Amino acid sequence: MNGKKISKRLTRPVPHVYIRGTILTEQRQYVTVSDLVRVHTCPVRFYYERKEPVFESDRYAVCKQLSYHLGTPLDAEVIWQEIIAVSPVLDPLLKDFLALCITACNKSEWNAAVQTDVKVVSDKLGIVGMIDRIAADGTFSIVRAAGAMPFGTYVADRLRIACIAFCLEEMTGSEVKGGCVEYIPDGVSRIHEVQPRDRRLVIATLHKIKSIRNGDMPQHPLNAPCNRCKYKERCESSVGKRLSELL
Ligand code: SF4
């Protein structure tokens, strides 16, 4: 009897090794939707900051907490107490920003969420993201701390919606036509229908990330937001150096 027990134990390491092998295979480096957007905005900046932690902005902390209450009465004091419970060192002046957001949001009707912070994944593309709010009718939305454009949605937000659509389609097996972007400071919810160009942009950006992860220095993009970037001098000197090398 004892001998049998021992031999069983001895055979366990084989499937264990196999299981470990499976786990290692699954430890693929997924791209977060926020990284994908950062690379789209400027791959050079992403390259410079690729080893630094990313923190959410104070304004986002306010808008995100408010979003949990959309579709119900927005009580400034209740929401503020939740905000400082999550971020105790937040600047108290942001309470005024919260008041502005509530005034803006009270001008529109909002669907209450039946689920919040739902993780979505596409194993095919290696993308992982988060849906901020899902309504009872199955529509989803993402929360933004930026003001809305007069019409349409920012490219970065189109990318976010397209990434989530890719993930949801893989998870549910059904086509996802689009989703909403909720611009909390303006109290605007805008539907974006995913276009083929959005899907192409996701795939092109994934290629760029892969190349950066392989150690390649990305090209300086022509339309990057350099004017408000802290790396302006660094980039200008490196581009200048490359030009001087060419001459
Ligand atoms: S200066 Fe321009 S190119 Fe350089 S990291 Fe900033 S945005 Fe990108």
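At-a-glance table
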{"quantity": "Residue selected from the stretch 141-168 under the condition in contact (Cβ under 8 Å) with a residue 60 or more places away in the chain and in a helix (DSSP H, G or I), by the criterion farthest from the chain's Cα centre (by Cα)", "calculated": "V155"}
{"quantity": "Residues within the stretch 185-234 that are within 23 Å of L36 (Cβ to Cβ), within 12 Å of the ligand (Cβ to nearest atom) and either in a loop (DSSP other than H, G, I, E, B) or in contact with a helix residue (DSSP H, G or I) (Cβ under 6 Å, 6 or more places away or on another chain) (or both), tallied", "calculated": "13"}
{"quantity": "Residue within the stretch 95-110 that is in contact (Cβ under 8 Å) with a residue 24 or more places away in the chain and closer than 30 Å to E175 by Cβ present", "calculated": "yes"}
{"quantity": "Residue identified as within 16 Å of the ligand (Cβ to nearest atom), at pLDDT below 90 and more than 18 Å from the chain's Cα centre (by Cα) among S244, S237", "calculated": "S237"}
{"quantity": "Members of the stretch 48-88 that are among the acidic types (D, E) and more than 16 Å from the ligand (Cβ to nearest atom)", "calculated": "E56, D58, D75, E77, E82"}
{"quantity": "Some residue of the stretch 130-140 being touching a residue at least 60 places away in the same chain (Cβ under 8 Å), β-branched (V, I, T) and under 16 Å from V37 (Cα atoms)", "calculated": "no"}
{"quantity": "Among (1) part of a helix (DSSP H, G or I); (2) without any contact (Cβ under 8 Å) to a residue 24 or more places away in the chain; (3) touching a helix residue (DSSP H, G or I) at 6+ places or on another chain (Cβ under 9 Å) - the single one P92 does not satisfy", "calculated": "(1)"}
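Condition check ((1) under 18 Å from the mean Cα position of the chain (by Cα); (2) more than 19 Å from E182 (Cα to Cα); (3) surrounded by 11 or more Cβ atoms within 10 Å (Cβ to Cβ)) across all residues:
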| residue | (1), (2), (3) |
| --- | --- |
| V54 | yes, yes, no |
| A61 | yes, no, yes |
| Q81 | no, yes, yes |
| I84 | no, yes, yes |
| S87 | no, yes, yes |
| L90 | no, yes, yes |
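The values are calculated or read from the model by the stated rules, or taken from the named source; none is laboratory data. A quick note: this is a predicted structure, and the numbers were derived from the prediction, not measured. Because the Cβ atoms are built from the backbone with ideal geometry, glycine has one as well, and the counts that use them run over all protein chains shown.
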